[in-house]
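Chemist: Quick one: the structure is below, questions incoming.
What follows is calculated from the coordinates using simple rules that are stated; it is not laboratory data. Being a predicted model, the structure only gives us computed values, none of them experimental. Cβ sites come from the backbone with ideal geometry, for glycine too, and all protein chains shown count toward neighbours.
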Amino acid sequence: MTTRTRVPKLLTPGEVCDLLDIEPRRLRLWREQNTGPVFVRLSHRTIRYPLPDLIDFLNDARRGY
């Protein structure tokens, strides 16, 4: 029997900015400082945010880390 791996939904930086109501430069700063949500760099110019990790980031922020 084959086991299927579920791939999480990946959000673009624009989608994350819309959801969090922040400017793209804020999200970029978080990436540079490693303080924001987990991201995946698919190529030099392509960055995505796994939805489960974004939810974890929001839950941690709500708890005050």
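Chemist: Give the long-range amide H neighbours of L11: residues separated by 5 or more places, or on another chain, with amide H under 5 Å away, using H modelled in the peptide plane at 1.01 Å from N.
Modeler: Distant-sequence amide H within range of L11: Y49, L51.
Chemist: What's the ranking of 8-19, 24-35 by average number of surrounding C-beta atoms within 10 Å, highest first? Walk me through the intermediate numbers first.
Modeler: Numbers: 8-19: 14.9, 24-35: 12.2.
Highest to lowest by the protection proxy: 8-19, 24-35.
Chemist: Just for the Cα atoms in region 10-63, what are the lengths along the principal axes, largest first, rounded to whole Å?
Modeler: Sorted largest first, the three principal extents are 33, 21, 20 Å.
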